[in-house]
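Undergrad: Starting off with a structure, shown below.
The values are calculated or read from the model by the stated rules, or taken from the named source; none is laboratory data. Bear in mind the structure is a predicted one, so any value in this text is a computation, not a measurement. Positions of Cβ are backbone-derived with ideal geometry, glycine not excepted, and every protein chain shown enters the neighbour counts. Heavy atoms of the whole protein, side chains included, go into the accessibility calculation; ligands, DNA and RNA do not. Shrake-Rupley method; radii C 1.70, N 1.55, O 1.52, S 1.80 Å.
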Amino acid sequence: CRVAADKGLIGSAESSIIGGLIQSSGNIVTTNLGSPFALSNEVELGISPFIKEEITNLEMEIARLKKKSNQNKPRIKLTEDRVSKLQDEYEEILINFLGEKTQDNFIKVNNKVFPEVQIRIFDKLKKITREMNGIIISIRNEELNINES
């Protein structure tokens, strides 16, 4: 499962994120994170993951179209133009983001976090190695900080 959100993800009182890749440019709040069965799970706060994902998908589509035939040239051109516009949009978001406070971003898990979950906030990565309860992960003093209740 892959989820990309540009505004954050806030789960319900019974929410769980189990398996896959979750990316958001806003805060992530869930009740449980991971699984006791050690499924691969990554949660990431970054810059505009939805646009990055869309660019990646369109670039794969261009490669696929180029392999098929020369009849796809108009469609390839349209797709390349869309990628260019998205890259410009991403660059503008990145420039604006660099002026914001990054320490205000967090991932909060109200109940359990299971081992084997990888948590990334921008360029900082932490792999959870033990079960934890009620945590808030954020960046403090340029480091990934985990507060457990």
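Undergrad: May I ask you to derive the FRET efficiency for E143 and E59 from their Cβ-Cβ distance with R0 = 35 Å, giving the value to the nearest 0.05?
TA: So, using R0 = 35 Å, E works out to roughly 0.55.
Undergrad: Here is a follow-up. Can you list residues from other chains, or at least 5 along the same chain, whose modelled amide H is less than 5 Å from the amide H of A4?
TA: For A4, the qualifying residues are Q23.
Undergrad: Out of all DSSP beta bridges with both ends in the range 35-149, state the antiparallel percent to the nearest 5. Write out the running numbers ahead of the final one.
TA: Details: 16 of 21 bridges.
Bridges in the range 35-149 that DSSP calls antiparallel: roughly 75 percent.
Undergrad: Follow-up. So with the 1.4 Å probe, I'd like the accessible area per residue for the chain, rounded to whole Å².
TA: Ligands and nucleic acids excluded, the result is 61 Å² per residue.
Undergrad: With the cut-off at 1.5 for a/c, could you classify the range 39-120 from its C-alpha gyration tensor as rounded, prolate or oblate?
TA: oblate
Undergrad: Can I ask one more? Can you give me the Rg/Rh ratio for the chain, using Cα atoms for both radii and the Kirkwood formula for Rh?
TA: Result: Rg/Rh = 1.07.
Undergrad: Let me know the charge dipole size of the chain about its Cα centre in debye, to the nearest 20, where only the beta-carbon of Lys, Arg (+1) and Asp, Glu (-1) is charged.
TA: Roughly 620 debye, rounded to the nearest 20.
Undergrad: So which of K7/K124; K68/K124; K7/K85 end up more than 28 Å apart, counting from Cα to Cα?
TA: Correct reply: K68/K124.
Undergrad: G34: net charge of surrounding residues, Cβ under 12 Å, Lys/Arg +1, Asp/Glu -1, itself excluded? Could you put the intermediate results ahead of the total?
TA: Working: positive: K112, K127, R130; negative: E42, E116, E131.
Once all neighbours under 12 Å are counted, the net charge is 0.
Undergrad: Now, a different point. So what's the net charge close to I51: Lys and Arg +1, Asp and Glu -1, counting the other residues with Cβ under 13 Å from its Cβ?
TA: Once all neighbours under 13 Å are counted, the net charge is -4.
Undergrad: Right, here's the next one. Counting only protein heavy atoms and a 1.4 Å probe, tell me what percentage of the range 13-65's accessible area is made up of carbon and sulfur.
TA: Values: 1400 of 2240 Å².
The nonpolar share, carbon plus sulfur, comes to 62 percent.
Undergrad: How high is the relative contact order of the range 31-149, given as a whole-number percent (alpha carbon pairs under 8 Å, six or more residues apart)?
TA: 32
Undergrad: So how tilted is helix 49-68 from the main axis of the chain? Cα-based, degrees 0 to 90, rounded to 10.
TA: That helix lies at roughly 40 degrees to the long axis.
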